[in-house]
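Everything on this sheet refers to the single structure shown next.
The values are calculated or read from the model by the stated rules, or taken from the named source; none is laboratory data. Keep in mind that this is a model prediction, so the values were computed, not measured. Heads up, the Cβs are rebuilt from the backbone with ideal geometry, glycines too, and the neighbour counts pull from every protein chain shown.
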Amino acid sequence: MSELTKMKVAGARDALRAGEVTSVELTEACLSAIEEAGALNAYVHKTPESALEQARAADARIKAGDAPAMCGIPMGIKDLFCTRGVASQAASRILEGFRPEYESTVTGQLFDAGAVMLGKLNMDEFAMGSSNETSTYGNAVNPWRRGNDDAQLTPGGSSGGSAAAVAADLCLAATGTDTGGSIRQPAAFTGITGIKPTYGRCSRWGIVAFASSLDQAGPMTKDVRDAAIVLQAMCGHDPKDSTSADLPVPDFEAMLTGDIRGKTIGIPKEYRLDGMPDEIEQLWADGTAMLKDAGAKIVDISLPHAKYALPTYYVVAPAEASSNLARYDGVRYGYRAKLEQGDGITEMYEKTRAEGFGHEVQRRVMIGTYVLSAGFYDAYYNKARKVRTLIKRDFEEAFAAGVEAILTPATPSAAFGLGEVTDEDPVQMYLNDVFTVTVNLAGLPGIAVPAGVDRTGLPLGLQLIGRPWEEGDLLNTAYALEQAAGFVAKPEKWW
Amino acid sequence: MSIDTDTAARVAKLARIRVEEEQLPALAQEFSNILDFIEQLNEVDVEGVEPMVSVTPMRLKRREDGVTDGGMQEKILSNAPDAREGFFAVPKVVE
């Protein structure tokens, strides 16, 4: 049975169509793997009954010859996606008990295509975090360990549960979302593939909003081909999201030729950070050499404003969050604090939000409130929006000069230990997103691909950044990198 | 930029988050650290640069100003912590 959970989406799709396996068998195998993996705390709301119902329906469709690529594929869904009738809490206490009456566009599209939902996956509260340590459900745990050391490591964040579930074969693929690196950083920490598409590719409708100008959904998968297949099913125009792009979606999988001869790949010098571990430096050099060997032309480029991406992000994202999270007031859904005799509506708001939001979320909402407040709006918020224009312009200039993709490390380190980066110094945690956050600010597609291991055996990832709407081309470059890197390591099962 | 406890208290009030008096100094310190980090932006020359409005240049689609959805009072109230007689219920607002 356990071999079934190790299948990839492409292989499972072909086996399902050939009648070699049923969706019910795949789903049951995943459900029992999930039951054994409580120690990873990846699934926070399990839906075994509806999963088997979906699997039976998928088997019937496949039998009838009506089988889209995702038909019968068991998936995990990040808790940030609203799923009809199933708890959707964004890993926050403030959404305790919330069961949406509607389905997010992305999950709706996946289910229409026949995908099976095994359950909801752990994450940082409201997707604010880089280690899955801000979750109301407790930490998700990385299935990888440093050699024989049994210290628990973070799977990254915010899509930590998604990353742990895919890496530990608790599903064939998962959904994630990425506001500053929340798909790519956890993918890199767990040796899997994750792509954040161009802003506007995936509908944001029904996904709990964090920072609306940065949020994008994307797949987290076991390889690049699977990323192409799952992304295909997730994206497309949605009239319910006014920022959703009304553009045709190409056949991403058909674009995976592995041929990148003559492609121009940029290496940004500003990504060479002081104090970056040698292993990351080496991985980046190795990745560059692999793309060169595959026939790509390597050019040095400059993204002069990249170093301002994190401070820009920590103005823009909290500002948007403070506005988006204003809706959690204890009136319409979720948690309401117990009130004392004589408490009025203001006390209800203040107590509900103090008890319902965790510390990091409160901190970001308040920073956002501050940078938007009278007297500071220009100095902080408008300033950050101007720097954001410059950050995007750097990329536009590189692309205009002929660069077709940009190669960088995905993260400044391998997965760190849970509790290692303390809550008192939030900026230290924010540095995790130093390589990924520029991509959100510029609205570009970015993909993390596992490319090697560090000296303790932990996976390390590289990031490729593409031109807007060129996910197909980006996936193909990632495919070439994946083939050259030949990363096949899996975590040894201890859970 | 150093944030004092009065500013921290004012921000908490604006954000409608109750913060106990004794937690204010630590909160003010955290704000100061984050704002110090953000201050790096002062190094950037943004003279003549437009603030970004939309990351992908797009014109928002227009549609007829008509009702396309509705008539689902029960569904809308189904998640309310307190709903009565078809309404959201809250503590008394007007004396």
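Filtering region A:174-231 to residues that are of a type in the set (A, V, I, L, M) and either at pLDDT below 95 or assigned to a helix (DSSP H, G or I) (or both) leaves A:Ala187, A:Ala188, A:Val224, A:Ala227, A:Ala228, A:Ile229, A:Val230, A:Leu231.
Going by the conditions given, is A:Ala410 among the aliphatic types (A, V, I, L, M) and closer than 18 Å to A:Phe189 by Cα? When the stated conditions are applied, A:Ala410 passes them. Pairs linking a residue in region A:268-282 that is farther than 19 Å from A:Ile301 by Cα to a residue that is at pLDDT 90 or above and surrounded by fewer than 13 Cβ atoms within 10 Å (Cβ to Cβ), with Cβ atoms under 7 Å and 6 or more positions apart or on different chains, are A:Glu279/A:Arg455. If you filter region A:414-438 down to residues that are closer than 27 Å to A:Ser213 by Cα and among the hydroxyl-bearing types (Ser, Thr, Tyr), you find that the one that is surrounded by the fewest Cβ atoms within 10 Å (Cβ to Cβ) is A:Tyr430.
You will find that of A:Arg327, A:Arg388, the residue that is over 24 Å from A:Ala87 (Cα atoms) and among the basic types (Lys, Arg) is A:Arg388 and no other.
Looking at A:Ala317, A:Ala354, can you tell me which residue is more than 22 Å from the chain's Cα centre (by Cα), closer than 27 Å to B:Ser32 by Cα and assigned to a helix (DSSP H, G or I)? Being more than 22 Å from the chain's Cα centre (by Cα), closer than 27 Å to B:Ser32 by Cα and assigned to a helix (DSSP H, G or I) holds for just one of A:Ala317, A:Ala354, which is A:Ala354. Can you go through A:Leu444, A:Leu474 and tell me which one is in contact with a Ser or Thr (Cβ under 8 Å, 6 or more places away or on another chain) and either closer than 23 Å to A:Pro268 by Cβ or not hydrophobic (A, V, I, L, M, F, W, C) (or both)? Answer to the check: A:Leu444. Taking residues in region A:165-181 that are farther than 30 Å from A:Thr312 by Cα, and partners anywhere that are modelled with pLDDT of 95 or more and basic (Lys, Arg), the pairs with Cβ atoms closer than 6 Å and at least 6 places apart or on different chains are A:Asp169/A:Lys6. Selection over region A:39-61 of residues that are surrounded by fewer than 19 Cβ atoms within 10 Å (Cβ to Cβ) and touching a residue at least 40 places away in the same chain (Cβ under 8 Å) gives a count of 7. Scanning region A:94-138 for residues that are crowded, with 24+ Cβ neighbours inside 10 Å, of a type outside the set (Val, Ile, Thr) and part of a helix (DSSP H, G or I) yields a total of 5.
Annotation: of all residues in region A:336-356 being within 7 Å of another protein chain (Cβ to nearest Cβ) and surrounded by 19 or more Cβ atoms within 10 Å (Cβ to Cβ), the one that is farthest from A:Glu133 (Cα to Cα) is A:Met348.
For the criterion of being within 14 Å of chain B (Cβ to nearest Cβ), under 30 Å from A:Ser413 (Cβ atoms), crowded, with 18+ Cβ neighbours inside 10 Å and of a type in the set (Asp, Glu), A:Asp223 fails.
Take the residues in region A:379-391 that are among the charged types (D, E, K, R) and in contact with a Leu (Cβ under 7 Å, 6 or more places away or on another chain); name whichever of them is surrounded by the fewest Cβ atoms within 10 Å (Cβ to Cβ).
A:Lys383
Whenever a residue of region B:17-34 is in contact (Cβ under 8 Å) with a residue 24 or more places away in the chain, its partners that are loosely packed, with under 15 Cβ neighbours inside 10 Å and among the charged types (D, E, K, R), lying with C-beta atoms within less than 7 angstrom and at least six residues away or across chains, give the pairs B:Ala28/B:Asp4.
Taking the conditions (1) crowded, with 24+ Cβ neighbours inside 10 Å; (2) among the aromatic types (Phe, Trp, Tyr); (3) within 10 Å of chain B (Cβ to nearest Cβ) in turn, A:Phe395 satisfies each one other than (3). If the condition is being within 23 Å of A:Ala87 (Cα to Cα) and aliphatic (A, V, I, L, M), then region A:330-359 contributes A:Val331, A:Ala337, A:Ala354.
For (1) away from every other protein chain (no Cβ under 14 Å); (2) within 20 Å of A:Asp178 (Cβ to Cβ); (3) buried (at least 16 other Cβ atoms within 10 Å of the Cβ), each residue gets a yes or a no:
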residue	(1), (2), (3)
A:Trp284	yes, no, yes
A:Met290	yes, no, yes
A:Asp293	yes, no, no
A:Ala296	yes, no, yes
A:Pro304	no, no, no
A:Thr312	no, yes, yes
A:Val316	no, yes, yes
A:Ala321	no, yes, yes
A:Gly330	no, no, yes
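Taking the criterion of being out of contact with any Gly (no Cβ under 7 Å at 6 or more places or on another chain), more than 7 Å from chain B (Cβ to nearest Cβ) and either surrounded by 18 or more Cβ atoms within 10 Å (Cβ to Cβ) or over 18 Å from B:Arg10 (Cα atoms) (or both), the residues of region A:358-375 that qualify are A:Gly358, A:Val361, A:Arg364, A:Gly368, A:Val371, A:Leu372.
Within region B:59-81, being more than 7 Å from chain A (Cβ to nearest Cβ) and part of a loop (DSSP other than H, G, I, E, B) holds for B:Arg59, B:Arg62, B:Arg63, B:Glu64, B:Asp65, B:Gly66, B:Val67, B:Thr68, B:Asp69, B:Gly70, B:Gly71, B:Met72.
Within region A:398-426, how many residues turn out to be within 14 Å of another protein chain (Cβ to nearest Cβ) and free of Cβ contacts under 8 Å to residues at least 24 places away in the same chain? Here the count works out to 3. Note on region B:84-95: residues that are more than 9 Å from chain A (Cβ to nearest Cβ) and either loosely packed, with under 10 Cβ neighbours inside 10 Å or of a type in the set (Gly, Ala, Ser) (or both) total 5. Within region B:11-33, restricting attention to residues that are in a helix (DSSP H, G or I) and touching a Ser or Thr at 6+ places or on another chain (Cβ under 7 Å), the residue that is farthest from the other protein chains (Cβ to nearest Cβ) is B:Pro25. Inspection of region A:41-55 identifies no residue that is closer than 23 Å to A:Ile229 by Cβ, modelled with pLDDT of 95 or more and among the basic types (Lys, Arg).
Please go through region A:149-173 and pick out each residue that is among the small types (Gly, Ala, Ser) and over 15 Å from the mean Cα position of the chain (by Cα).
If the condition is that a residue be among the small types (Gly, Ala, Ser) and over 15 Å from the mean Cα position of the chain (by Cα), then A:Ala151, A:Ala168 are the ones that fit.
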